[in-house]
1. Is the C-alpha gyration tensor of the stretch 57-195 telling us rounded, prolate or oblate? Criteria: a/c under 1.5 is rounded; beyond that, a/b larger than b/c is prolate, otherwise oblate.
2. What do you get for GluC sites (Glu not before Pro) in the stretch 42-99 restricted to DSSP loop and a cutoff of at most 13 other Cβ within 10 Å of the site's Cβ?
3. Out of L13, L128, L120, any idea which swings most in a Gaussian network model of the chain, alpha carbons joined below 10 Å?
4. Could you line up D81, D92, D36 from fewest to most neighbouring Cβ atoms inside 10 Å?
5. Report relative contact order for the chain in percent, whole number only (criteria: Cα-Cα under 8 Å, sequence separation at least 6).
6. Compute the separation of the alpha-carbon centres of the stretch 18-42 and the stretch 121-174 and state it in Å as a whole number.
7. Given the chain, what percent of its DSSP beta bridges are antiparallel, to the nearest 5?
Amino acid sequence: MAAADPARGAPTLVERWFAADFARLHPRLQELHRRDAVFAGPVEVRVAQGAGRWLGERMRQRLGLPPPGPGHVLEVRVGHDDERMLWERRFDGQAGFASRFVPVGRFPEGWWREISGAALELHLGVHLDADGGWHWRTRRVRWHGLPFPRWLLPRVVAHKRWERGAYDFAVSVQVPGLGEVVGYSGRLVEVAAAT
């Protein structure tokens, strides 16, 4: 179990899940998961061309992503409690989408349940980079409680890392036979403590 800092209180949910491996995260990612905060910055949204375009557009709309292209602004409100992480995303000041992340087991064999809305649930393992970055690895996908067949399984390829003074991230939804159908990426900076 990660050691508690007496000035901060008990270890957070993420610290407990990673245990000693929490120290492998970049110090700024550690800080991100020790308190609530709001981040904002420019993002680019991508939608597939060709055969994957129809599916990518449907997924983009379902996720509340803005139209494809650069120049969008993303605000992410990150919250934690003893049972889950909450990520609320807003694009261009409009309604966005939220995800609840609930831990299962412990790192490295454990995983997180990402629940977005009533329909979608992802089971995501975690891989840590040598530079302290965090990569999600899709294990299972459920839609309305039903598992996707393995051969149809969409993969979420996502990372977060601290690079050149900003929170650098990328999210890509890839479908067998089509490649990336939708994705978004950007660089965010902290703008406020969450209230």
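Just so you know, all these numbers are worked out from the coordinates, no wet-lab data involved. Predicted, not measured: the structure shown is a model, and the values here were computed from it. Quick reminder, even Gly has a Cβ in these numbers, built from the backbone with ideal geometry, and neighbours come from all protein chains shown.
1. Details: a/c = 1.37, a/b = 1.13, b/c = 1.21.
Here the stretch 57-195 falls in the rounded category.
2. Details: sites: E44, E57, E75, E83, E88; in loops: E83.
Hits after loop and neighbour filter: E83.
3. Checking each option, the largest mean-square fluctuation is seen for L120.
4. Details: D81 10, D92 13, D36 16.
If I rank by nearby Cβ atoms, fewest first, I get D81, D92, D36.
5. Result for the chain is 21 percent.
6. The two parts, judged by their Cα centres, are 17 Å apart.
7. Numbers: 73 of 73 bridges.
Antiparallel: roughly 100 percent of the beta bridges in the chain.
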